[in-house]
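J.: For reference, the structure I am asking about is given below.
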Amino acid sequence: MWDWNTLFIEGQDISAENAATLDVISPANGKIVGRVGAASAQDVDRAVVAARCAFESGPWPAMSGAQRGALLLKLAELVEREAQALGDMDAHSIGRPAIETQMLDLPNAIATFRYYAGWADKLEGRVVPTAGYFGRQTHSFVTREPVGVIGMIVPWNTPLMILAWKLAPALAVGCTCVIKPAEQTPFSALRLAQLVREAGFPDGVVNVVPGLGGIAGSALSEHPDVDKISFTGSPETGAVIMRAATGNFKRVALELGGKSPQILCEDADLDAAVQGCAMGLFFNQGQVCAAGTRILVHRSLVARFTEAFAAAAGAVTVGDPTSGQVQMGSLAGKGQFERVDRYVQGGLAAGARMVTGGAFAQDQGYFYRPTVFDSVTDDMAIVSEEIFGPVGCIIPFDSDEEAIARANGTKYGLAATLWTKDVSRALGLAKQVRAGAVSVNGWATIDPALPWGGFKTSGIGRELGISGIEACTEEKVTTLVL
Ligand code: NAI
Ligand code: MG
């Protein structure tokens, strides 16, 4: 049990106002995972003041990019040292198999810190020729400066990885931050902050305020001294954050999930596609923003695909990951279970056919079997809305044009996967898909060097890659009249 009772402000593990705490209960077995401090609006204000001071004065603003890069490399090393424990914190908190965090979340987070360590001393500017100024020559140049204090509001599904996407570029360019982890997964963020201290970052550069979204998250997004909010989560909360940002016109970056298509063309490698679609739908109990939930299959492959995919789904072992070898654990909590089941029951009531799946009732825990529907229409909620669980639909199509029209037929546009052996067809289709990331013959091919983010309701802005650097900086023009 991680019994911490604390927040992390200005390099100190401190209690929240009135010693308020928040319990984290495993959704897989009902056992208490641990306890952290629960920040009030007053606590959030203390954290913002600390971040503001660290940004304006002290050692951080004076540090060279090379020094910041060295600190980030040190942090990557410490995260690597603690990878097992950090991954276990995130896994146990939401009842997912710990192996998943060691497969994806931790390696990706470590790679992200290393990637941005490399950017820290490469923030170059450019000289721009102009027509001059009232007959006099000028010399103009553009530089990039840190945006300031960034509030980071993080979800529970792959918490440390998503936090690394926000934190690493911010630190590389010299921003400071206040992190609000999700209620369900506060431990890895608090531990990471301790590692930030151990690495030698100045106090106040990284602060963590666990607490309720409606209190701590809301105080952070409304705070007049926060320059930017970077958020990953639901469109509903994204909208609240965007409205709160109007107070001081904060910059906002939003990653809001999706309803991503997987398109199997008639020449697809069926075995590879079955495997890729299973991973794309069932990884992390389907609680993934890029989950490939709409499986568009060329009609000539539908019968074979459906049989093989149902077999793959049915073979997944489900249960409490702390009590044995299972491939799929619990959904993240009661609310998430009820949400998933509501969609599934709605799909059945609307006339969709459940090929396999359904709730997996146990004395304890919120388990759901890998669930696959067919006989669906595009207007059904299971086809058009994000469920955030292991539930997908098989949708036949007859032509590439139809596949594209249906792929683009939702309000989302985060990711898409194409399964085809024909390179020209792949590039032609990739160009037409309205999504931030298209993978061909592999699901969700993420990398710290590649920008990540969505079109349409999937969000605003991009994380990772050089886009992550741009998102944490403001451009400044300086002109000398000669
Ligand atoms: P949420 O968007 O409400 O929560 C995400 C983060 O926002 C958490 O840290 C939460 O404390 C914070 N938050 C909540 N209310 C806030 C407010 N008023 N002001 C500021 N911060 C606030 O998501 P939730 O409720 O955990 O899950 C609901 C649905 O959201 C899921 O079923 C899923 O569809 C979607 N979701 C999408 C994610 C993604 O990766 N894009 C991640 C998590 C959830
Ligand atoms: Mg919510």
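The values are calculated or read from the model by the stated rules, or taken from the named source; none is laboratory data. Everything quoted here is computed from the prediction, not taken from an experiment. Cβ placement follows ideal geometry from the backbone for every residue including glycine, while neighbour counts extend to all protein chains displayed. For accessibility, only protein heavy atoms count, side chains too; no ligands or nucleic acids. Shrake-Rupley method; radii C 1.70, N 1.55, O 1.52, S 1.80 Å.
J.: Which residues, taken from segment 310-358, are farther than 21 Å from residue 274 by Cβ and of a type in the set (Lys, Arg)?
T.: Pass one, segment 310-358, residues farther than 21 Å from residue 274 by Cβ: 319-325, 329-351.
Residues satisfying the conditions are 334, 339, 342.
J.: Identify, by number, the condition in (1) more than 8 Å from ligand 1 (Cβ to nearest atom); (2) under 25 Å from residue 170 (Cβ atoms); (3) over 19 Å from the mean Cα position of the chain (by Cα) that residue 244 doesn't meet.
T.: (1)
J.: Do you know which residues across segment 430-471 are assigned to a helix (DSSP H, G or I) and hydrophobic (A, V, I, L, M, F, W, C)? Show your work before the answer.
T.: Initial filter on segment 430-471 (assigned to a helix (DSSP H, G or I)): 430-432, 456-458, 465-471.
Answer for segment 430-471, where residues must be assigned to a helix (DSSP H, G or I) and hydrophobic (A, V, I, L, M, F, W, C): 430, 466, 469, 471.
J.: Test each condition in (1) in a strand (DSSP E or B); (2) out of contact with any strand residue (DSSP E or B) (no Cβ under 8 Å at 6 or more places or on another chain) for residue 284 and report the one that comes out false.
T.: (1)
J.: Sort out which residues of segment 329-362 are among the aliphatic types (A, V, I, L, M) and either open to solvent by 20 Å² or more (accessible area, probe 1.4 Å) or more than 16 Å from ligand 2 (Cβ to nearest atom) (or both), and write them in order of number.
T.: Kept after step one, since they are among the aliphatic types (A, V, I, L, M), are these residues of segment 329-362: 331-332, 340, 344, 348-350, 352, 354-355, 359, 361.
Listed by number, the residues that qualify are 344, 348, 349, 350, 352, 354, 355, 359, 361.
Conditions (1) over 23 Å from the mean Cα position of the chain (by Cα); (2) over 25 Å from residue 457 (Cβ atoms); (3) open to solvent by less than 50 Å² (accessible area, probe 1.4 Å), marked per residue:
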{"position": "364", "(1), (2), (3)": "yes, yes, no"}
{"position": "368", "(1), (2), (3)": "no, no, yes"}
{"position": "375", "(1), (2), (3)": "yes, yes, no"}
{"position": "380", "(1), (2), (3)": "yes, no, yes"}
{"position": "387", "(1), (2), (3)": "no, no, yes"}
{"position": "390", "(1), (2), (3)": "no, no, yes"}
{"position": "396", "(1), (2), (3)": "yes, yes, yes"}
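J.: Taking segment 239-261 on its own, how many of its residues are open to solvent by less than 70 Å² (accessible area, probe 1.4 Å) and free of Cβ contacts under 8 Å to residues at least 12 places away in the same chain?
T.: 1
J.: Let me ask you something else. Give segment 156-181 a look and list any residue that's crowded, with 24+ Cβ neighbours inside 10 Å and near ligand 1 (Cβ under 10 Å from one of its atoms), or say none.
T.: Those that are crowded, with 24+ Cβ neighbours inside 10 Å and near ligand 1 (Cβ under 10 Å from one of its atoms): 157, 158, 159, 162, 179, 180, 181.
J.: Please go through segment 214-249 and pick out each residue that is within 11 Å of ligand 2 (Cβ to nearest atom) and either out of contact with any Lys or Arg (no Cβ under 9 Å at 6 or more places or on another chain) or within 22 Å of residue 55 (Cβ to Cβ) (or both).
T.: Looking only at segment 214-249, we keep the residues that are within 11 Å of ligand 2 (Cβ to nearest atom), and these are 214, 217, 233-238, 240.
Residues satisfying the conditions are 214, 217, 233, 234, 236, 237, 238, 240.
J.: Failed condition for residue 121, given (1) away from ligand 2 (no atom under 16 Å from the Cβ); (2) touching a Leu at 6+ places or on another chain (Cβ under 6 Å); (3) more than 15 Å from residue 463 (Cβ to Cβ), with all others met?
T.: Only one criterion is unmet by residue 121, namely (2).
J.: Counting only residues that are more than 27 Å from residue 318 (Cα to Cα), within 10 Å of ligand 1 (Cβ to nearest atom) and assigned to a loop (DSSP other than H, G, I, E, B), how many does segment 255-281 have?
T.: 1
J.: What number of residues in segment 108-128 are out of contact with any strand residue (DSSP E or B) (no Cβ under 8 Å at 6 or more places or on another chain) and farther than 22 Å from residue 64 by Cβ? Talk me through it step by step, then tell me what you get.
T.: Taking segment 108-128 and keeping what is out of contact with any strand residue (DSSP E or B) (no Cβ under 8 Å at 6 or more places or on another chain), we get 108-122, 124.
Next, from what is left, pick out any that are farther than 22 Å from residue 64 by Cβ: 108-111.
Counting residues in segment 108-128 that are out of contact with any strand residue (DSSP E or B) (no Cβ under 8 Å at 6 or more places or on another chain) and farther than 22 Å from residue 64 by Cβ gives 4.
J.: Where residues in segment 419-450 are among the β-branched types (Val, Ile, Thr) and at pLDDT 95 or above, which of them is surrounded by the fewest Cβ atoms within 10 Å (Cβ to Cβ)? Steps first, answer last, please.
T.: Step one: list which residues in segment 419-450 are among the β-branched types (Val, Ile, Thr), which gives 420, 423, 433, 438, 440, 445-446.
Now drop any that are not at pLDDT 95 or above, which leaves 420, 423, 433, 438, 440, 446.
On the way: 420: 22, 423: 9, 433: 22, 438: 21, 440: 18, 446: 18.
Out of the qualifying residues, it is 423.
J.: Between a residue in segment 177-188 that is over 20 Å from residue 334 (Cβ atoms) and more than 16 Å from ligand 2 (Cβ to nearest atom) and any residue that is of a type in the set (D, E, K, R) and outside any loop (DSSP other than H, G, I, E, B), which pairs come within a Cβ distance under 7 Å, given they are 6 or more apart or on different chains?
T.: 188/90
J.: Let me ask something additional. With the structure loaded, tell me whether residue 151 is more than 15 Å from ligand 2 (Cβ to nearest atom), touching a strand residue (DSSP E or B) at 6+ places or on another chain (Cβ under 9 Å), on the phi > 0 side of the Ramachandran plot and open to solvent by less than 10 Å² (accessible area, probe 1.4 Å) or whether it fails that test.
T.: Values: more than 15 Å from ligand 2 (Cβ to nearest atom): yes; touching a strand residue (DSSP E or B) at 6+ places or on another chain (Cβ under 9 Å): yes; on the phi > 0 side of the Ramachandran plot: no; open to solvent by less than 10 Å² (accessible area, probe 1.4 Å): yes.
No; evaluated as a whole, the condition is false for this residue.
J.: Can you tell me which residue within segment 228-238, out of those that are crowded, with 21+ Cβ neighbours inside 10 Å and not hydroxyl-bearing (Ser, Thr, Tyr), is farthest from ligand 1 (Cβ to nearest atom)?
T.: First, pick out the residues of segment 228-238 that are crowded, with 21+ Cβ neighbours inside 10 Å: 228-233, 238.
Checking which are not hydroxyl-bearing (Ser, Thr, Tyr) leaves us with 228-229, 231, 233, 238.
On the way: 228: 14, 229: 8, 231: 7, 233: 3, 238: 7 Å.
Taking the candidates together, the pick is 228.
J.: In this structure, does residue 69 turn out to be at pLDDT 95 or above, touching a Lys or Arg at 6+ places or on another chain (Cβ under 6 Å) and open to solvent by less than 10 Å² (accessible area, probe 1.4 Å)? Quick ask: steps written out before the conclusion?
T.: Numbers: at pLDDT 95 or above: yes; touching a Lys or Arg at 6+ places or on another chain (Cβ under 6 Å): no; open to solvent by less than 10 Å² (accessible area, probe 1.4 Å): yes.
Spelling it out, it is not the case that residue 69 is at pLDDT 95 or above, touching a Lys or Arg at 6+ places or on another chain (Cβ under 6 Å) and open to solvent by less than 10 Å² (accessible area, probe 1.4 Å).
J.: Does residue 43 qualify as being charged (D, E, K, R), under 26 Å from the mean Cα position of the chain (by Cα) and crowded, with 16+ Cβ neighbours inside 10 Å? Please lay out each step first, then the result.
T.: Values: charged (D, E, K, R): yes; under 26 Å from the mean Cα position of the chain (by Cα): yes; crowded, with 16+ Cβ neighbours inside 10 Å: yes.
In short, yes.
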